[in-house]
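Peer 1: Provided herewith is a single structure, encoded as structure tokens, for subsequent inquiry.
What follows draws every value from the coordinates through simple rules; no lab data is involved. Please read all numbers here as calculations on a predicted model, not as lab measurements. Reconstructed Cβ throughout: ideal geometry from the backbone, glycine too, with neighbour counts over all protein chains shown.
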Amino acid sequence: MYQLNDVLEQLKSSVCIAKFKKADGTIREMRCTLVDTYLPEQYHGKGMLLNETDRNAVPVWDMDLGAWRSFRLDSLLE
């Protein structure tokens, strides 16, 4: 299983390809990041906010959709 700090370190330093299993069982690959350069300006320097009700959900900026998405850390395949 992946560690949250390791995943966040990667996301904050580069654009990553997250491969994970969605709730419906399908596999998804998402180009995502937390690098300020790629985020809308209003989010620059704000850091990453974890969902207080689900600390296992990792919110990320989906590079292809241009929107916030999330994946569960325990569903991350690579």
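Peer 1: Anyone know which of Asp24, Asp36, Asp64 comes out most mobile in the 10 Å Cα GNM of the chain?
Peer 2: Asp24
Peer 1: To the nearest 20 Debye, how big is the dipole of the chain about its Cα centre, given +1 on the beta carbon of each Lys and Arg and -1 on that of each Asp and Glu?
Peer 2: Computed charge dipole of the chain: roughly 120 debye.
Peer 1: So what does the Cα-only Debye profile of the chain read at q = 0.16, 0.19 Å⁻¹, as log10 I(q)/I(0), no solvent term?
Peer 2: -0.54, -0.77
Peer 1: For the chain, what is the mean residue ellipticity at 222 nm derived from helices alone (per DSSP H run of n ≥ 4: -39500 (n - 2.57); sum divided by total residues; nearest 500 deg cm²/dmol)?
Peer 2: -4000 deg cm²/dmol
Peer 1: Checking the cross-link filter: which aspartates and glutamates have an alpha carbon closer than 20 Å to that of Lys19, excluding same-chain neighbours under 8 positions apart?
Peer 2: Qualifying aspartates and glutamates at Cα under 20 Å: Asp6, Glu9, Glu29, Asp54, Asp62, Asp64, Asp74, Glu78.
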